[in-house]
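Dropping the structure in here first, questions after.
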Amino acid sequence: MSDPDRPRDAPAPRAPRDLAHAGAVVLRVGAGVFVAAVAAACVTAASVLPLPQSRAEPRSVLVRPTPTDQVVACAGPLLRLSDASGQDATTASAVGSPDLVSGGTVTPSQSTVEDADLAGSSARPAVVTVSPTHDAARPPLVAAAQSQSGDGSETTGFAASSCEAPSSDVWLVGASTEVGRATLVSLVNPSAVPATVAFDILGTGGPITAPGTSGIVVPAGHQVVLPLAGFAPDQATLAVHVTSRGGRVVASLQESVVRGIDPGGVETIGSTATPSGSIAIPGVVVVDPDRVLSVAGRDGYGDVQPALRLVAAGGERVSARVSLVPEGGATTGDAFELDLEPHHVTDVPLEDLAAGTYTVRVDADGPVTGAVRVSTLGGDGRTDVAWVAAAAPLGGSALVAVAPGPSATLELAGDPRRASDVRVEETGGEARTVSVQTGGTASLPLDAGATYRVVGLDGGSAAVSYSGDGQIAAYPVRAPAIGAEPVRVYP
């Protein structure tokens, strides 16, 4: 029935179920809005508040490798290109035998290589070994050095060199093959594995290509000697880069000088520091420079003047700054700049140096290495020559053996960034402390025939120098061989 009181166009009242349906719709819409708001709040909170983190450390074991034997090998006796009768100028023979000094954290053992490429001589290069103790935290250390004077007939002067750990990459800077200069390459393999050796010869014009400089087999426990003039004749300025595969070798050069008809010095040239952007050459001893230079104008004496020999080992041109730091003097000293062509060898005369001891520093924008040539003139008028090699930076401590020789001295070159108080402890003897200023130099007399531990010259370098009447030599203090570091193993 219709309602007589309701206007004709008024909406009919909703049934109860229609009202219920509308309320449900409103509730669903409100719930959706609420859920959306909660979700937005959660997203905002997740972007602002830190989330809880859970991290599980993987299981691991720290393995400390057992220290192994430390081995160094020496250059061996002085050599000449002839047999004992003066014949067979293509074969090397030994001239006497050197004096050897060695030491280590325990008493080292000494042996010689099984065979040497020498005619009519039983002389052999020495091999010095120190075995590890039961304390694995203290790896063994060893040092050895040798020295020898020429016999005065074909060789004169004094040569000293440190014995070195075998390596697969060695730089040798120094020597000459011009008239009156004989240079021999010595390759000693103290290992139980044959070594296959190659060497690159660099000169003033860059690399020198020659047949026979690669594929050289040095049997285990052998020494091979090669005349450098057979590969690069009549070259006044040389450097040699030696690499090996298989066994590692100890490489060195021996230069013998004849001025006219008189012997003019002998030197054993060991490895120089690995090429880098900064090298130091401590132990450059200048003796009576006016007297030495007084003979420089004579025929065959042109190389008595001190000179710095540098090699740019990289593939690009290098700009270098050279500083000459006198002992106890200014930390910078005299300085000059020069450019070096890649893979070229450059000799730079060091003129007007007063008598004294110097460290030569080279800072470059590419890898360089080098050595300094110095000479002395004896009372009998004969000269001697020394090549002072760049010395690698030292760490916490190093051992140094002091071969017999005149006025043995420890030359210290400080880290350019900090001063150092260096403790020098003689094995079984007293300990002394030397203060080395930032980038400065200092020296300390040593007992020939002794071994020392040098502690506290972190980042600096050192050398042992000798000087006497007609005798001069030097060799760098070698950093200990890098032992096996602890390794963390993750199963």
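The values are calculated or read from the model by the stated rules, or taken from the named source; none is laboratory data. This structure is a prediction, so every number in the text was calculated from the model and none was measured. When we count neighbours, we look across all protein chains shown, and the Cβ atoms used for this are built from the backbone with ideal geometry, even at glycine.
Of all residues in the range 449-463, how many are closer than 23 Å to A160 by Cβ and either crowded, with 18+ Cβ neighbours inside 10 Å or modelled with pLDDT under 95 (or both)?
9
Follow-up. Name the residue that is farthest from the chain's Cα centre (by Cα), counting only residues in the range 235-254 that are part of a strand (DSSP E or B) and surrounded by fewer than 20 Cβ atoms within 10 Å (Cβ to Cβ).
Ranking the candidates gives G246 first.
Please specify each residue of the range 255-274 satisfying the condition of being buried (at least 23 other Cβ atoms within 10 Å of the Cβ) and under 21 Å from the mean Cα position of the chain (by Cα).
Those that are buried (at least 23 other Cβ atoms within 10 Å of the Cβ) and under 21 Å from the mean Cα position of the chain (by Cα): E267, T268, I269, G270, S271, T272, A273.
So that you can scan it fast, the table gives a plain yes or no per residue for (1) in contact (Cβ under 8 Å) with a residue 60 or more places away in the chain; (2) closer than 29 Å to P207 by Cα:
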position	(1), (2)
A307	yes, yes
L310	yes, yes
G315	no, yes
S319	no, yes
S323	no, yes
E327	yes, no
E351	no, yes
G356	yes, no
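Residues being of a type in the set (A, V, I, L, M, F, W, C) and within 18 Å of A392 (Cβ to Cβ): count how many of those fall in the range 277-307.
4
I've got another one for you. Restricting to the range 379-389, and then to whatever is of a type in the set (D, E, K, R) and in a loop (DSSP other than H, G, I, E, B), can you tell me which residue is farthest from D99 (Cα to Cα)?
Looking at residues that are of a type in the set (D, E, K, R) and in a loop (DSSP other than H, G, I, E, B), I get D380.
Among residues belonging to the range 373-395 that are under 23 Å from P445 (Cβ atoms) and under 12 Å from the mean Cα position of the chain (by Cα), point out the one that is surrounded by the most Cβ atoms within 10 Å (Cβ to Cβ).
A389
A further question follows. One residue is enough: does the range 321-329 have a residue meeting the conditions surrounded by fewer than 18 Cβ atoms within 10 Å (Cβ to Cβ), of a type in the set (D, E) and either under 24 Å from A479 (Cα atoms) or modelled with pLDDT under 95 (or both)?
no
Of everything in the range 353-372 that's within 14 Å of S465 (Cβ to Cβ) and not aliphatic (A, V, I, L, M), which residue is surrounded by the fewest Cβ atoms within 10 Å (Cβ to Cβ)?
The selected residue is G356.
Which condition from (1) farther than 27 Å from V304 by Cβ; (2) exposed (fewer than 15 other Cβ atoms within 10 Å of the Cβ); (3) out of contact with any strand residue (DSSP E or B) (no Cβ under 7 Å at 6 or more places or on another chain); (4) not aromatic (F, W, Y) is the one that V179 breaks?
Status for V179: all satisfied but (1).
Right, here's the next one. For the range 425-439, enumerate the residues that are touching a residue at least 12 places away in the same chain (Cβ under 8 Å), under 22 Å from L141 (Cα atoms) and touching an Asp or Glu at 6+ places or on another chain (Cβ under 9 Å).
E426, G429, R432, T433
Here's something else I'd like to know. Please pick out the residue among A413, A398, A403 that is surrounded by fewer than 22 Cβ atoms within 10 Å (Cβ to Cβ), in contact (Cβ under 8 Å) with a residue 40 or more places away in the chain and among the hydrophobic types (A, V, I, L, M, F, W, C).
When all the criteria are applied, what remains is A398.
Per-residue answers, yes or no, for (1) surrounded by 10 or more Cβ atoms within 10 Å (Cβ to Cβ); (2) under 25 Å from V193 (Cα atoms); (3) out of contact with any helix residue (DSSP H, G or I) (no Cβ under 6 Å at 6 or more places or on another chain); (4) modelled with pLDDT under 70:
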site: A36; (1), (2), (3), (4): yes, no, yes, yes
site: L62; (1), (2), (3), (4): no, no, yes, yes
site: V71; (1), (2), (3), (4): yes, yes, yes, no
site: G76; (1), (2), (3), (4): yes, yes, yes, no
site: R80; (1), (2), (3), (4): yes, no, yes, no
site: P108; (1), (2), (3), (4): yes, yes, yes, no
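Applying the selection to the range 120-155, what residues are modelled with pLDDT under 90, β-branched (V, I, T) and either surrounded by fewer than 24 Cβ atoms within 10 Å (Cβ to Cβ) or touching a Gly at 6+ places or on another chain (Cβ under 7 Å) (or both)?
T133
Considering A473, A442, which residue is buried (at least 24 other Cβ atoms within 10 Å of the Cβ) and touching a residue at least 12 places away in the same chain (Cβ under 8 Å)?
Result: A473 is the single residue among A473, A442 that is buried (at least 24 other Cβ atoms within 10 Å of the Cβ) and touching a residue at least 12 places away in the same chain (Cβ under 8 Å).
For the range 279-320, which residues satisfy the criterion of being among the acidic types (D, E) and buried (at least 22 other Cβ atoms within 10 Å of the Cβ)?
If the condition is that a residue be among the acidic types (D, E) and buried (at least 22 other Cβ atoms within 10 Å of the Cβ), then D303 is the only one that fits.
Here is a follow-up. Identify all residues within the range 165-181 that are at negative phi and touching a Gly at 6+ places or on another chain (Cβ under 6 Å); write none if there are none.
Hit for the range 165-181 is V173, nothing else.
Residues checked against (1) over 21 Å from the mean Cα position of the chain (by Cα); (2) more than 18 Å from A75 (Cβ to Cβ); (3) buried (at least 24 other Cβ atoms within 10 Å of the Cβ):
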{"residue": "S161", "(1), (2), (3)": "no, no, yes"}
{"residue": "S167", "(1), (2), (3)": "no, no, no"}
{"residue": "V188", "(1), (2), (3)": "no, no, yes"}
{"residue": "V217", "(1), (2), (3)": "yes, yes, no"}
